[in-house]
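Enquirer: Could you have a look at this structure, given as structure tokens, before my questions?
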Ligand SMILES: Nc1ncnc2c1ncn2[C@@H]1O[C@H](COP(=O)(O)OP(=O)(O)OP(=O)(O)O)[C@@H](O)[C@H]1O
């Protein structure tokens with residue numbers, strides 16, 4: 001812990017014993033010598049080689065020093081060119097961590113703590129939280145600190161902007177525990193000893209310590225390529241589908257078992273990339289018949305039709321058809337319920353009894369924006385049943401929505417997993433990710449429009465929302481998936497989607513089959529033009 005007594009407030013007392021001047025000088029000399037020895041020992045990584053160099057120079061002549069320096073520089077350059085990864089792990093990042101710890105953080109720590117109000121004073125004595133370690137990586141600097149008594153991580157979250165700007169970045173993420181400290185699986189002869197050591201190092205919960213991540217080179221500023229075909233397993237692991245990367249450069253594995261997923265984000269925020277990343281991770285299971293995707297695309301097929309051969313059911317032309325898909329999912333769920341009740345507590349997928357993913361591209365089109373009361377009631381009843389009972393029966397709903405307000409998505413709270421992409425208002429963040437999510441660092445309203453696919457999710461291993469970027473699945477990938485991962489149970493062939501023209505006259509919806517104006521948004525006709533325009537970003 002850093003401590004400083006304010007100089008102007010020090011009480012001045014007369015010395016009780018008179019100390020001769022020579023004794024004072026000797027005392028000071030010893031003190032400085034002690035400090036020097038302590039510094040030499042503390043920074044042994046710097047002082048050790050320096051001492052060796054001096055010894056070498058004395059023994060073998062001073063001309064050996066530049067020769068040695070050139071040899072070392074050449075060796076390091078060769079290492080960097082030949083094997084950049086190991087050079088980074090063993091040389092670049094350890095040294096950069098030390099350098100930044102000393103040059104950047106240590107020098108500015110006290111003033112930042114005091115300036116941002118994280119130091120506390122008792123009388124004339126100032127205390128500030130100690131910095132425990134700094135670890136740099138391409139993503140940024142991970143700084144571990146120990147809290148002062150009376151502080152919680154929330155105090156630090158409130159000061160994250162002050163911390164970021166004080167240390168020359170725009171973003172400082174605050175995590176209440178340690179991050180990336182999962183011990184490795186230990187094997188071999190030393191396995192037991194190492195596992196014991198890991199338990200001592202990582203097994204304890206240390207609530208008094210927390211982690212700051214100063215984001216420097218933002219990894220999420222770069223589009224993440226879709227996972228390669230070789231990484232798409234024939235039987236996907238529904239408890240961890242690789243769909244993107246996290247801010248600390250580890251994979252984001254989305255859990256689909258026992259959950260439903262809500263994806264919320266403004267128009268153009270990349271909801272499509274979340275959907276396609278998920279479909280790509282599931283593609284092997286779709287082809288082998290372990291997973292069936294029942295897709296509903298109220299945007300007239302504009303988002304999903306390109307991969308229609310992946311879907312076992314696909315509704316995109318009429319709202320009645322979409323309601324039918326939901327009802328059919330409820331029916332499957334009921335049958336499973338009758339079969340599995342009292343036998344198992346969780347459905348296990350197989351080719352005969354696959355996991356069903358009901359995918360809805362714009363949920364509000366089926367709920368809030370729908371004016372046909374009867375159809376709306378039917379859809380809402382089906383959704384309520386699926387969302388409240390489907391998880392254990394292997395029927396999962398994945399839905400995207402632009403506007404997460406309660407009146408738009410009344411089922412919001414029934415989605416255990418939520419993804420918050422770029423949002424237009426700050427209060428939408430807590431609506432999607434739960435109360436207090438924005439305070440804990442989910443600044444989804446501050447994601448720039450230039451970063452589609454970037455958002456926040458809650459993951460199991462930490463209480464704070466994690467910043468992520470979903471993979472960018474291009475049209476070429478989708479065409480490739482459509483060709484190579486088609487489902488063995490294809491949807492009945494429907495005519496190719498013909499999206500309504502934005503400029504079409506509103507009177508174009510005839511016969512009461514599609515118009516919203518007349519209060520009858522249902523029927524088998526094309527999607528109402530107003531609804532289509534609204535969903536394509538015209539709201
Ligand atoms: N993960 C990503 N990485 C890079 N670019 C992306 C990513 N996701 C989407 N984009 C790009 O951003 C643009 C908008 O994406 P997308 O259509 O998925 O957004 P959306 O939220 O579904 O929009 P809308 O609500 O209008 O349908 C597209 O041009 C797309 O190529």
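The values are calculated or read from the model by the stated rules, or taken from the named source; none is laboratory data. What you are looking at is a predicted structure, and each value in this text was computed from that prediction instead of being measured. In this analysis, Cβ positions are derived from the backbone assuming ideal geometry, glycine residues included, and neighbour counts consider all displayed protein chains.
Enquirer: Within the stretch 484-506, does at least one residue satisfy the condition of being outside any loop (DSSP other than H, G, I, E, B), modelled with pLDDT of 90 or more and at negative phi?
Expert: Yes, some residue in the stretch 484-506 is outside any loop (DSSP other than H, G, I, E, B), modelled with pLDDT of 90 or more and at negative phi.
Enquirer: If I ask for residues that are crowded, with 23+ Cβ neighbours inside 10 Å, assigned to a loop (DSSP other than H, G, I, E, B) and away from the ligand (no atom under 13 Å from the Cβ), which ones from the stretch 441-462 would you list?
Expert: Within the stretch 441-462, 442 is the sole residue that qualifies.
Enquirer: I would also like to ask the following. Here is a list: 241, 304. Which entry is at pLDDT 90 or above, within 16 Å of the ligand (Cβ to nearest atom) and over 21 Å from the mean Cα position of the chain (by Cα)?
Expert: Every option except 304 fails the conditions.
Enquirer: Moving on to the next point. Restrict the check to the stretch 201-211 and report whether at least one residue is in contact with a strand residue (DSSP E or B) (Cβ under 8 Å, 6 or more places away or on another chain), exposed (fewer than 14 other Cβ atoms within 10 Å of the Cβ) and at pLDDT below 90.
Expert: Yes; the residues of the stretch 201-211 include at least one that is in contact with a strand residue (DSSP E or B) (Cβ under 8 Å, 6 or more places away or on another chain), exposed (fewer than 14 other Cβ atoms within 10 Å of the Cβ) and at pLDDT below 90.
The rows are residues; the columns are (1) surrounded by 12 or more Cβ atoms within 10 Å (Cβ to Cβ); (2) touching a residue at least 40 places away in the same chain (Cβ under 8 Å).
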| site | (1), (2) |
| --- | --- |
| 62 | no, no |
| 69 | no, no |
| 77 | no, no |
| 92 | yes, no |
| 141 | yes, yes |
| 147 | yes, yes |
| 151 | yes, no |
| 163 | yes, yes |
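Enquirer: Please determine, by comparing only the residues of the stretch 127-144 that are outside any strand (DSSP E or B) and under 25 Å from the mean Cα position of the chain (by Cα), which one is modelled with the highest pLDDT.
Expert: My answer is 138.
Yes/no matrix, rows are residues, columns are (1) outside any strand (DSSP E or B); (2) within 31 Å of the chain's Cα centre (by Cα); (3) away from the ligand (no atom under 15 Å from the Cβ); (4) not assigned by TED's automatic domain parsing to the domain that holds residue 258:
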site	(1), (2), (3), (4)
353	yes, no, yes, no
358	no, yes, yes, no
370	yes, no, yes, no
374	yes, no, yes, no
377	yes, no, yes, no
384	yes, yes, yes, no
387	yes, yes, yes, no
396	no, yes, yes, no
399	no, yes, no, no
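Enquirer: Among residues belonging to the stretch 222-234 that are out of contact with any strand residue (DSSP E or B) (no Cβ under 9 Å at 6 or more places or on another chain) and assigned to a loop (DSSP other than H, G, I, E, B), point out the one that is farthest from the ligand (Cβ to nearest atom).
Expert: 234
Enquirer: Return the residue satisfying two criteria in turn: it lies in the stretch 281-301 and is farther than 29 Å from residue 320 by Cβ and in contact with a strand residue (DSSP E or B) (Cβ under 7 Å, 6 or more places away or on another chain), and of such residues it is nearest to the ligand (Cβ to nearest atom).
Expert: 281
Enquirer: Within the stretch 257-264, is even one residue closer than 16 Å to residue 447 by Cα, at pLDDT below 90 and within 14 Å of the ligand (Cβ to nearest atom)?
Expert: no
Enquirer: Given the criteria part of a helix (DSSP H, G or I), under 17 Å from residue 362 (Cβ atoms), touching a strand residue (DSSP E or B) at 6+ places or on another chain (Cβ under 6 Å) and within 14 Å of the ligand (Cβ to nearest atom), does residue 277 qualify?
Expert: In short, no.
Enquirer: Within the stretch 308-330, identify whether any single residue is within 16 Å of the ligand (Cβ to nearest atom) and either in contact (Cβ under 8 Å) with a residue 40 or more places away in the chain or crowded, with 20+ Cβ neighbours inside 10 Å (or both), and answer yes or no.
Expert: yes
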